[in-house]
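Below is one structure, written out as structure tokens; comments come after it.
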């Protein structure tokens, strides 16, 4: 259904009354990897995701691989695709080329991200003068001004605050980040996906602030990462500067930490509880849950099939 596939995430969200999920994938490095992932994505359409997202050139892959995977998915999966686009230090011609190719492939949803700055203190000073993009808000503004309503644009949010403040010796502060999020929404952002988190209380506090200060009805998707191994769980939380509540940590005693099956099984229970609690305590205001799949399907299939 081409009409459905080209619908905006904002409209899809408001048209759907019951709870749903969305899924993030990253482009594999090889052709064989892409073929295997496409088969997995086909199987995962059985979970009825509202949309899928494809990350931008992650892990050393190029933008080309992102555009290829996003176009393939858009053409063959019968599900709307949202492509990530990062803009730091990126020339306007590259952004325009990516957006034109998306549009021609039928992709109407973009997640506008700043992306990781080059390593080094004064990256903003060393920016190439060619690039008009320093922050995600610049990209949101540019897409809206240059392409009008051709694209539905999403942005990222940090329920515990962005970690950069921490690197500068400040505490992570969600209130500080809310200022930037408000700028992105005022520039035209249509929906928001959060960084991964495991602390429900912190997310709920953030959601209340978001509703009070930014928008009552803008779609807000909590970002969740299944727990596939104890080591990866810790690493992902650390990289994302997401705190892990003691009540969750205590469910992984040392004797099971190296048993991936046991860890996965407890992880599935934790995610189901987390989703239920968010859904109930927001009275169903939060009805969509975005999974960082790491291109894996089992844990997510279990979470979805076992959720009430």
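The values are calculated or read from the model by the stated rules, or taken from the named source; none is laboratory data. Here the structure is a predicted model, which means the values were calculated and not measured. So basically every Cβ, Gly included, is an ideal-geometry build from the backbone, and we count neighbours across all protein chains shown.
In the set (1) buried (at least 18 other Cβ atoms within 10 Å of the Cβ); (2) assigned to a loop (DSSP other than H, G, I, E, B); (3) under 18 Å from the mean Cα position of the chain (by Cα), the condition left unmet by residue 218 is number (1). Of the set (1) modelled with pLDDT under 90; (2) touching a strand residue (DSSP E or B) at 6+ places or on another chain (Cβ under 9 Å); (3) closer than 21 Å to residue 39 by Cα, all apply to residue 79 but (1). Across the range 7-27, what is the number of residues that are farther than 18 Å from residue 84 by Cα and assigned to a loop (DSSP other than H, G, I, E, B)? So the answer is 4. Suppose the filter is surrounded by fewer than 21 Cβ atoms within 10 Å (Cβ to Cβ) and under 16 Å from the mean Cα position of the chain (by Cα); does residue 57 pass it? Criteria met by residue 57.
Residue check: residue 283 meets all listed conditions (1) within 25 Å of residue 17 (Cα to Cα); (2) touching a residue at least 40 places away in the same chain (Cβ under 8 Å); (3) assigned to a loop (DSSP other than H, G, I, E, B) but one, namely (2).
Looking across the range 146-192, not a single residue is in a loop (DSSP other than H, G, I, E, B), modelled with pLDDT of 95 or more and farther than 24 Å from residue 83 by Cβ.
Quick grid of which residues meet (1) modelled with pLDDT under 95; (2) surrounded by fewer than 19 Cβ atoms within 10 Å (Cβ to Cβ):
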| position | (1), (2) |
| --- | --- |
| 26 | yes, no |
| 30 | yes, yes |
| 41 | no, no |
| 44 | no, no |
| 62 | yes, yes |
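Of 289, 206, all but one fail to be under 22 Å from residue 44 (Cα atoms), modelled with pLDDT of 95 or more, buried (at least 16 other Cβ atoms within 10 Å of the Cβ) and under 22 Å from the mean Cα position of the chain (by Cα); the exception is 289.
Quick grid of which residues meet (1) part of a helix (DSSP H, G or I); (2) without any contact (Cβ under 8 Å) to a residue 40 or more places away in the chain; (3) over 18 Å from the mean Cα position of the chain (by Cα):
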position	(1), (2), (3)
29	no, yes, yes
33	yes, yes, yes
67	yes, yes, no
85	no, no, no
94	yes, yes, yes
110	no, no, no
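Give the range 80-104 a look and list any residue that's closer than 22 Å to residue 13 by Cα and surrounded by fewer than 21 Cβ atoms within 10 Å (Cβ to Cβ), or say none. Scanning the range 80-104 gives a single hit, 103.
Answer yes or no: is there a residue in the range 246-265 that is in contact (Cβ under 8 Å) with a residue 60 or more places away in the chain and either out of contact with any strand residue (DSSP E or B) (no Cβ under 7 Å at 6 or more places or on another chain) or part of a loop (DSSP other than H, G, I, E, B) (or both). There is no residue in the range 246-265 that is in contact (Cβ under 8 Å) with a residue 60 or more places away in the chain and either out of contact with any strand residue (DSSP E or B) (no Cβ under 7 Å at 6 or more places or on another chain) or part of a loop (DSSP other than H, G, I, E, B) (or both). Which one of 251, 211 is more than 21 Å from residue 295 (Cα to Cα) and in contact with a helix residue (DSSP H, G or I) (Cβ under 6 Å, 6 or more places away or on another chain)? One residue alone meets the criteria, 251.
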